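Data block below; observations after.
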Amino acid sequence: MIADALEKAYRRYADKRPNSATRNALARAVLPSGTTRSVLDFDPFPFTVASASGCRLTDVDGHEYLDYLGDYSVGLAGHNPGAVRAAVTRVLDQGWSFGAVAEAEYDVARMLCDRFESMDLVRFTSSGTEANLVATSLAIKSSGRNKVLVFDGGYHGGFLSFSRDGSSLNVPFDVAICEYNSLESAQAAFDAWPGQIACVLVEPMLGSGGRIQGTPSFLGGLRELCDQHGSVLIFDEVQTSRMAYGGAQSLYGIRPDLTTLGKYIGGGFGFGAVGGTGDLMLQLARGREPHFDHSGTFNNNRFTMAAGVAMLGSVLTRENLAALFERGEGLRKRADDLLRACGFQATGWGSLIGIHPTDVPITRAADLAGADRRPVQLLFHELLDRGVYIGKGGFVTLSLPQTPETDDLFLTALEDSLRVVQAAVPVPARTAS
Ligand SMILES: Cc1ncc(COP(=O)(O)O)c(C=O)c1O
C-alpha cells in the first residue's frame, strides 16, 4: 500500500513540474544522478529553484514553497538577509580574492573568541568538513596517537560520516565507533586502547544522525574521560552552535578543547572554523615547535568573512538565538502531538527537529536503524504538495524570517499530510513492520 501511495505521489509531483523534470534530465548527462549534493537528491527528481526570499522558495515551474528545511541549518537568517546583502555588496565594490590578509578575518575571529568561552584562538576553513579534518588531524599529530573515538550516527562532513551502512567516502582515520549517549561504550574504548586515543569527536546533538540530543551526563562524562586519559575533546558545533550565543557548550557548561563551526555563520557562503585552547591552536602558528602548516585558498574568502561579520554582529544576537530556540521548542512539542497520534514522533532540540516514523524511544542511532523510512518519504511529498519544504529524511530547521503564522501553516500542512500517510500505512501495520 505504501509503495502504491508513493508511486502516485511521484506521478503527481512529476506532472506538476515539467520544467524541473527537463532540468534534471539535462543534468543527469553531466552530474551523477543530476545533482551535486547527495542529500538534495530524491525521487522522482528534485525540483529546481529559480529564486528565494525570506522563508520562501520559488521553483522553475512557478511553485512557491514555505522553506522549513533552511538548507539543513545554513539558512538560519533566511534568504537574502539585508545585513549580509549589504556586506557582500560592499565587497563587490572593494574587490575580492586578494591573495593577502584583509580586515574582516580578524573581526570574525575576535567575535567568535568573545562568544565561545573555550576559544582562545581560531582558524578558518571553507566548510564544516574541513574544520573537523583540521581539528582531528591536529589532535592526532600533536599527541602522536592514532585512534579517533567517534559515535554511531555521527556526521562530521562528507568524509567523516559514521553511519553503520558504510556508504560514505570516509578519510582513513583509525576510528573506534561507540554508541551515542552511552558513556559505558566510550569507557570500554578507552579501556581497549589505553594511551592510544588522540581525541573524541562528538556532536552535542546527533544532527544528520537523527537530531538526537546528547545527555548532560554523557557529554560531561566524555569531558572527564578525556581529562583522565590526556585525549582532546572536540565538540562539533557545526549545527548546535545555534542553540545559544555561546553555543551548546554554554548550555551544558562543558569546555571542549577544540570546537568546530560551520554553516550559517558565513551567511550562506562556504564557512568553517576550528577554535580552542591556546596550547593546541598555537601549533598552527609559524615558528612554534611542533608546528603544522594549515593552508586553504578560500580560508579568508572575502564574501564569507564579510557575511560572517554581518551575521555575528547583527543577526546571531543573544536575543535572536534565544527566541529561535524557544520557538523551536514550542513547534517541536506541537508537531510531536500530531505525529504521535499517527505512530510518528519528533526528536530534536531548539530550532532543529527530526521526524521519525516510529514511536520507540530514541536516544541513539541504532534506535532508528530498523525503521521503514518510506512513510517519511510519503509525508515529505504530501508536504511538498501543500507547499511546504522540509528535508527528504524528515528534518525541519527553523529560520529567523519564519513567524508564528508560518508555523501554523506548517502545522496545518503536517496534520493534513499525516492523514494521507495514515490512510496509506495505518499505525498498527507500521508498528508491526
Ligand atoms: C554536525 C556537522 N558537522 C559537519 C558538517 C559538515 O559541514 P559542511 O557540509 O560545511 O562540510 C555538517 C554538515 O551537515 C554537520 O551537520
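Tabulated data
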{"quantity": "Label-point separation in nm, Ala50 to Val30, each point 7 Å along Cα→Cβ", "calculated": "2.1 nm"}
{"quantity": "Residue with peak Gaussian network fluctuation, the chain [Cα springs, cutoff 10 Å], from Val122, Val420, Val396", "calculated": "Val420"}
{"quantity": "Two-site label geometry, Leu40 and Leu284: point separation in nm, points 7 Å out along Cα→Cβ", "calculated": "2.7 nm"}
{"quantity": "At R0 = 45 Å, FRET efficiency that the Cβ-Cβ distance of Leu411 and Val101 yields, to 0.05", "calculated": "0.40"}
{"quantity": "Extension reserve of the Asp227-Lys16 stretch, reckoned as 0.36 nm per residue once the Cα distance is removed", "calculated": "70.2 nm"}
{"quantity": "The chain, helix-only ellipticity at 222 nm - DSSP H runs n ≥ 4, -39,500 (n - 2.57), divided by all residues, nearest 500", "calculated": "-12000 deg cm²/dmol"}
{"quantity": "In order through segment 30-44: 3J(HN,Hα) via Karplus (6.51 cos²θ - 1.76 cosθ + 1.60), integer Hz, x for Gly, Pro", "calculated": "10, 10, x, 6, x, 9, 10, 8, 3, 5, 9, 9, 9, 7, x"}
{"quantity": "Charged-residue dipole, Cβ positions (Lys, Arg, Asp, Glu), segment 141-243 about Cα centre, Debye nearest 20", "calculated": "240 debye"}
{"quantity": "Computed magnitude of the charge dipole of the chain (debye, nearest 20; Cβ of K, R +1, Cβ of D, E -1)", "calculated": "640 debye"}
{"quantity": "Charge context of Phe98, other residues only, Cβ under 12 angstrom, K/R +1, D/E -1", "calculated": "-1"}
{"quantity": "Around Arg223: net Lys/Arg minus Asp/Glu count, Cβ-Cβ under 11 Å", "calculated": "-2"}
{"quantity": "Per-residue Cβ neighbour rank within 10 angstrom, fewest leading, Ser73, Ser161", "calculated": "Ser161, Ser73"}
{"quantity": "Spatially proximal lysines relative to Lys333 (Cα-Cα < 26 Å; intrachain offsets below 8 disregarded)", "calculated": "Lys263, Lys392"}
{"quantity": "Residue order, fewest to most beta carbons within 10 Å, for Asp293, Asp279, Asp41", "calculated": "Asp293, Asp279, Asp41"}
{"quantity": "Residue order, fewest to most beta carbons within 10 Å, for Trp193, Trp96, Trp349", "calculated": "Trp96, Trp193, Trp349"}
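Read-outs: derived from the displayed coordinates by stated rules, not from any lab. Treat the numbers as computed from the prediction; the structure is a model and nothing was measured. Neighbour counts are summed over all protein chains in view; Cβ atoms, including those assigned to glycine, are modelled from backbone coordinates with ideal geometry.
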